[in-house]
Amino acid sequence: MKRNALWLLCLLVLPAIACGRKPEKKVTASSGRKEDDLVTALPGQPPVNFRHYAGYVNLGPQQTQKALFYWFFEAQQNSSRRPLVLWLNGGPGCSSIAYGAAQELGPFLARTKGHNLTFNQFSWNKAANMLFLEAPVGVGFSYTNNSMDLQKLGDQATAADSLAFLINWFTKFPEFRSNEFYITGESYAGHYVPQLAELIYDRNKKVTRGSQINLKGFMIGNAVINEETDMAGLVDYAWSHAIVSDELHNNLHGSCRFDEEDETSNKTLQCYDNFKNFMEAYSDIDIYSIYTPVCLSSSSSSSPRKPKPIVSPRLLTSDDMWDRLPAGYDPCTEGYAEAYFNRKDVQVALHANVTNLPYPYTPCSGVIRKWNDASSTVIPIIQKLLSGGLRIWIYSGDTDGRVPVTSTRYSIKKMGPKVESPWRSWFHKSQVAGWVETYAGGLTFATVRGAGHQGVGVLAKSNTFAKSPRQLQFEADINKLFMFTSLIGHYYSWGYLLYSYNRLGRDAEEADAEEIIEMAGKATLSEQEKQVHENIHYQLQNFCASMDEILLPDSHRTKELNGPESESKSGLTFAIGKDDDVPTADKPVVPETKPLKLAEVSQRLKDRIGYTLEIKSSLIPHKDAGQGCFIDGEADVGAVLAFYPGVIYYPPFHRYIPGYPNVDAQNSYLITKYDGTVINAQPWGRGGESREVWNSSFTTPEIRADAKTPENCSDKVWKMPSRPLEGSGNVEAVLEMRNPLAFGHFANHPSKDMDPNVMICPYDFPLSEKAMRAYIPNVAFGNAGEANVMKFGSLWSRTGSSSSLDAPVLKTLVLVATRALCNEELMLNYGLSKFERRPEWYTTVDEE
């Protein structure tokens, strides 16, 4: 039985050297000579005594617009007599090269951040010739010149294209045609492998012996096999391992009815609600390896972290509720490989990306967004091929909760094979390594004891605003930041700069990570909070010093601003309310600046700190995606990337938020802090605010009030300080824009199968820091007494910092990088958005 499934996969192109899309190009792959594909100078490769090849294979005379990319390693010894093994990763849409070759079983493993490769002493090419294939088109370096091909993908198309690849690959490498051939893979390759094997099996019956592929069998691990048993085994495994309650387990089986053939039987609202509770049970542990510590990193494709073997698939079904299962490969494995394969010199050495793809290399495809057919079961294919004489191995890591051993056992039971050698242990170094059972006809089932995702958990798995109560989430996020927050200094020609760095470093080993995690466990929340907050404050001090160097005619003006305060020429204030209500501490000088345009200021900032921000069309491929916030340059994990600008409404003043009580009805620029503080960053001209706007003479302000502003709070509307940059002659280049990083409100929520790369961090700005105030793009709603009260309970008072303890504060927010970033769109998890107001691409991050 076939089922159709529309799905959304990796909608945002992940970290890369360049971002954006370019027009299609009509290009062709490399020549048909294998000598042209020989890899001779791969950057960072350890010396070896075997050959390896990489390049493209066109799919045939009728499909010259499509080519699949491969990487082939000859066996380390006696390659002519060794079997040929094809390895396929799943997804669907994930790369067998980024995962299988570079992370799991190839001879060269990416173990540092894109720099060098490590020789894998357990590489499978010790025993066989290994062929890794990126399929279908749109995965990795595999491409099509016809974008319509990406709309036709599915199980059938992938199998057909993979067969066409093999036929033409053997034309390039005819010396391997007679070698025994096996297909192997994991996760969604539970579909790919038997489906491709069936096509080869059927073709071999129709062609001459010299054209046959010498297929002997296949092997699949933690594999998607049969939807009914996969889902039932998923639920039963969680219950049998004390992850869910008896009540929830019974409710799931009662409401979802996995064993019924009717496709709609498990789409009931009750089933959906029960399954949401089921997923919540896994929210604090790793579903991919239930007994190991959670990966304490936000999903990151560029951060340094320890690779882990991949055993869990992206499970596709026609039932939307199942799409909310954790899907795909643990992101903690992706960073090294992605950084490496995005290097231009690596691509040249591998004869890859000859078409100059208009998107970066990502371990899971960012351009495949539709999957037209996903078979509900491959059991009939397995049974057919067993009857045809093929040998089949199915293995299962027994700590994987995503496609667990129970699912696989249920699937095998449904096949009904006759036991030939009963259940028994198998050993490695005199220790039980798992259990195995063999069946008549050539089927073997084996478990791997303790297998799952192995690796270092270095940063918190939880997402900003993902859980309730908020205080628990706040503590989790502070812990996450603490793990990569510390300070280091560097002398530049213009001064000494303190900046953040990742405690784990770029080449941290597992022992280092464990030591740091132990250290974090000993630190109290207040100690962690203090260090994180001071780190952010030091970063912003450096930022403001850089801005002074850029904007002020005399760099010594910074010192003058710390002296006795004088009234600004414009009479502008930075708080809301009548002039006599404004706290004295929040009336800073607005100095004259150099005649620079915003673009010039932004570029000079990038020259100093390595990055700035750009606002341009979002890379989310949806007509309503709008604008996004992009980092222009590079920033390390822990760097403050953006301010969240706007009016700060403390809880007593929520009723004054424009549009109250339906405050988010027409305003998507609201954000809520953990303590209930709301910041309204609605851009100018969107309604709901009043601002002082200066004309070209720079002398007379014009009040532009929103007609919808309630009468009873007309004296407390936002009078935004909007003085133009001196000499710019542009009334649009107002004070709120003199900070090139004041664009945090343009960060989009990640679409499904994308991951946040920044997180919100609270920052209580002390108003005593007058030299910094002009660059803090926030104003507080409230009078003097009320604003001063807010210093109590601030981060400074809780952390006991004496320097700012008595100063009133602005309770602001900043966006901090959760991994190393380079020229990419910022993605922030807005987990509190109301469901009915979410855009079409919105998916709650912790439900994916």
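For this structure, a couple of remarks:
- Order of 287, 381 - criterion: other Cβ atoms within 10 Å of each residue's Cβ, fewest first: 381, 287
- Of 530/811; 152/623; 594/770; 152/413; 597/673; 384/413, those spanning more than 23 Å from alpha-carbon to alpha-carbon: 152/413; 597/673
- A straight line joining the Cα centroids of region 193-213 and region 83-153 runs 23 Å.
- Taking 191, 52, 241 and counting other C-beta atoms within 10 Å, the order from fewest to most: 241, 52, 191
Quick note: the coordinates plus some simple rules give every number you see, no bench work behind them. All of these numbers come straight from a predicted model, not from anything done at the bench. Every residue, glycine as well, gets a Cβ built from its backbone with ideal geometry; the counts of neighbours run over all protein chains shown.
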